[in-house]
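Rule-based calculations on the coordinates, nothing more; no lab input. Source: prediction; values computed, not measured. FYI the Cβ positions are ideal-geometry reconstructions off the backbone, even for glycines, and counts take in every protein chain you see.
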Amino acid sequence: MLKIKRVPTVVSNYQKNEAADDSVGCGRNCLGACCINGARLPLYACKNLEKSREKIVVSHEAEEPPVAFLESLVLGEWEDRFQRGLFRYDVTACETKVIPGKYGFVAQLNEGRHLKKRPTEFRVDKVLQSFDGSKFNFTKVGQEELLFQFEAGEDGQVQFFPCMPLDPENSFSVVAINVSPIEYGHVLLIPRVLDCLPQRIDHKSLLLAVHMAAEAANPYFRLGYNSLGAFATINHLHFQAYYLAMPFPLERAPTKKMVTTVSGVKISELLNYPVRSLLFEGGSSMQDLSDTVSDACVCLQNNNIPFNILIADCGRQIFVMPQCYAEKQALGEVSPEVLETQVNPAVWEISGHMVLKRKDDYEGASEENAWRLLAEASLSEERFKEVNTLIFEAIGCSDQEEDPEGTIVHQQIPNGGVFNQKSNRIHGGPITNGTASECIVLQ
Amino acid sequence: MSLAEESSVVSVFTEEEEESLNRRYTLWIKEALDELPHNFTITDPFLSGHPIVFASLGFLKMTGYSRAEVIGRNGKFFQGPKTNRRSIMEIREAIREERSVQVSLLNYRKSGSPFWMLFHMIPVFGRDDGKVINFVAVQVPISGRDHHRKLTSVGDDVSSLDHSEFVFGSCRREVCFGNFVQHRALPVECDDDEQGLEDWEYCEASESEKLRAVEAINNVLSVLTRYSELSGRLVCGKRYCLRGVDCLSSSLVISLGRIKQSFVLTNPCIPDMPIIYASDAFLTLTGYKRHEVLGQNCRFLSGVDTDSSVLYEMKECILKGQSCTVQILNYSNRKDKSTFWNLLHISPVRNASGKTAYFVGVQVEASCRNTESKELRPETKQLSVVGAVRVAVRSSFMVTC
């Protein structure tokens, strides 16, 4: 059994050290049967993506799109909690900068995010673990930390109800604040909160997350996901989201198409990025895209491969990043300098947003350092290829053959069509492991 | 909505949009620009929505629209479902970072038919203050006959194609246009070069097309420079001085322009805490023009019957760096010179350094407080403005070098 010690991030004011959890009483205004009667929250039912078919609405926009309804709701409710002092610190008072370099990694000096507490043990060798009601989970958050209910509506139109009762019989999903925010507007999306789903991807939940990205209609509002073993600290299904008004380095990385599925989903691999990742986009509908990604993630889960997901570009682009940092850490294979920064490469870090605790780390932050840290999380090229094979099989692109000449590879798909696929690198040699001298490959 | 179907053309642009170029460059600028043969558009980032304020005759011919249908629109208007997302991001980032960009782009004509063009955009700076005055974009149609890549799809016999499935990322152009692209003439089946061009992943412009783009940009810039000399407020293609501290970047202004409610930003670090930004809705609410309010302290909205204890309360909050909400009687400059009760919320706003850079003031006219049941509560709406401003201000200083 592989374990590492970490101080978990506190995402709710009701989250305590595991040991002290016996004193679960109430009067805390939580979501348990004790407090839920009479509880009300605004409900935002977004438009059904199938019924309002157009994925991209840019063609007849008259202007830079105004702040959308969902964005106003998120920001307005967040600002309300901000002014009420529900957050552990004022994230806007944390200095932040873009690190000079080709990719524009973002560094933030945040001494308050991480507690100086005794670290807890996390098991990092199992991506699938059952829900444990005795541990902290989102049914224990105070209702004041919840902003609104969110669901995929039936209609072609948005429906909003400012004050809807929370109905335990009717499985509802909520958006909550993260009391240790990385940026202004950092929220958690918790699908079907009372169903107490463990942290694992399922088709319905991922689709809900994609709906939210689409509905926010702002490419700077992304959703992220960490699997167990990839730095999720709470084993209760949740996604995170926040606003950062610039592209993530991950979004800037060049890509190379690998394959297109029957439903038109294009899968590419990232080039020249410290963490080997896949990009899913296209598809004849957003559901096709979301389902393909879910299929891939279920495959990773079943093969016990930790991974992170970034939903970007209003749900049009979904990155999947398999990783192995925690395993390396447990086996003592991560370099001490990297460990000392205490930066865990979860979805936001891999995307290029680094929250640093120590002033020295912040002052000395460089693209090289960021690269080196993230490279530790990446699968090796060989392992990445193996994992991709597993994924392609799972999503229905099987019997991949490698052409030793390396230029064209044909793939059989079940109904007999033929795909063209390039599987090797043409330019610049193989993806490096990102050591300092090899980073300069970009120049 | 389809302007194409209406027999009489409806103007979508405002007076500000129509007059934008005249104000900066003197009255004859449009005639001078009309003499250029190129396809180009000029936008004004300081107007809400970052609209097009000039479109050349060549551009109109290329896209099939009339001038009235284009002025006031954002450049996104010409994009469509198959426009490459990375290219859109590159353009957005170039605008945000106030720098130039050259990228192949799929656009759509009024008829709905798509076409590829080489899009080359540059910022135009005020020589004295380093502010971005306009963005100029040139569009050179490209045929891509020899240089394009198709998306492969089920059933295609693609064995004859030797193409590198390389999609350009959005890191610096120098990286992307380094050794990767040069003259890869790809053998392409010619039978469907017009149809299916929407599905091309990428369409490379030829060297001569790229040169034409550069030439066009230089010509447009020359005209603007010359006419800016006449008006005494020079512009140029390079930034000659760092933008002044009290000058908002064009990208911040564009972000703030997305917020449709009434609000102002004031600068507490400058004596008498002047207004440095006012939304269109603020101007409508108060009846003032933009040039009348910028640089002024908000006290011009107070009058004889404004409660001075409320003003005192606000002043105390500002000194302490706290938020507050007050109900204050304001005097408008609207035609009827009416007074109105302003439910005003003010709050300090920090920038990327973590220090307070501005104060935001969000005005809600008290009589408008009745919510429709399907809308956000007025309090939420008001606070959402504060939130949106916080995000915009915090990100605006974080520009990549």
Spin-label pair B:Asp129/B:Phe300, simplified geometry with 7 Å Cα→Cβ offset, distance in nm: 1.5
Proxy reagent accessibility, fewest Cβ within 10 Å first, across A:Arg252, B:Arg24: B:Arg24, A:Arg252
Set of segment A:219-244 residues, backbone N closer than 19 Å to the point 7 Å along the Cα-Cβ line of A:Leu115: A:231-236
Taking N as its residue count, the alpha carbon Rg of segment A:127-282 over 2.2 N^0.38 Å: 1.13
Label point distance in nm, A:Gln129-B:Leu234, each placed 7 Å from Cα along Cα→Cβ: 6.6
Top positive-direction residue, dipole computed over segment A:289-350 with Cβ charges, set A:Gln342, A:Val320, A:Val293: A:Val293
Anchor B:Lys374: lysines whose Cα lies under 24 Å away (excluding residues fewer than 8 positions away in-chain): A:Lys47, A:Lys51, B:Lys260
Hz values of 3J(HN,Hα) by residue in segment B:20-32 - Karplus curve (6.51, -1.76, 1.60), Gly and Pro given as x: 3, 5, 4, 4, 7, 10, 6, 5, 8, 4, 5, 5, 5
For A:Met354, residues with placed amide H under 5 Å, excluding near neighbours: A:Val106, A:Ala107, A:Gln108
Hydrodynamic radius of segment B:264-401 per Kirkwood, over alpha carbon pairs, in Å: 15.8
Using a Förster distance of 30 Å, the FRET efficiency for A:Ser335-A:Asp360 (Cβ separation, nearest 0.05): 0.95
Estimated vicinal HN-Hα couplings, Hz - segment B:210-215 in sequence order (Karplus 6.51, -1.76, 1.60; Gly, Pro = x): 5, 5, 4, 5, 5, 4
Set of lysines near B:Lys337 by C-alpha distance (under 20 Å), chain-local residues within fewer than 8 positions excluded: B:Lys289
Linear extension gain, B:Cys324 paired with B:Glu18, 0.36 nm per residue minus alpha-carbon span: 106.3 nm
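By count of other Cβ within 10 Å, fewest leading, how are A:Met286, A:Met246 ordered?
A:Met286, A:Met246
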When each of B:Lys61/B:Lys82; B:Lys320/B:Lys355; A:Lys102/A:Lys359; B:Lys82/B:Lys110; A:Lys140/A:Lys204; A:Lys97/A:Lys266 is checked by Cα-Cα distance, pairs over 25 Å: A:Lys97/A:Lys266
Neighbour-count ranking [beta-carbon atoms within 10 angstrom, fewest first] of B:Trp28, A:Trp78, A:Trp348, A:Trp371: B:Trp28, A:Trp371, A:Trp348, A:Trp78
Per-residue HN-Hα couplings for segment A:127-134 [Karplus 6.51, -1.76, 1.60; θ = phi - 60°; Hz; x = Gly/Pro]: 6, 9, 9, 6, 5, 10, x, 7
Hits among lysines - C-alpha to C-alpha of B:Lys238 under 18 Å, sequence gap 8 or more where chains match: B:Lys131
Inter-centroid distance (Cα atoms) of segment B:36-67 relative to segment B:274-350, Å: 36
Prolate/oblate/rounded label for segment B:255-302 (Cα gyration tensor, a/c 1.5): oblate
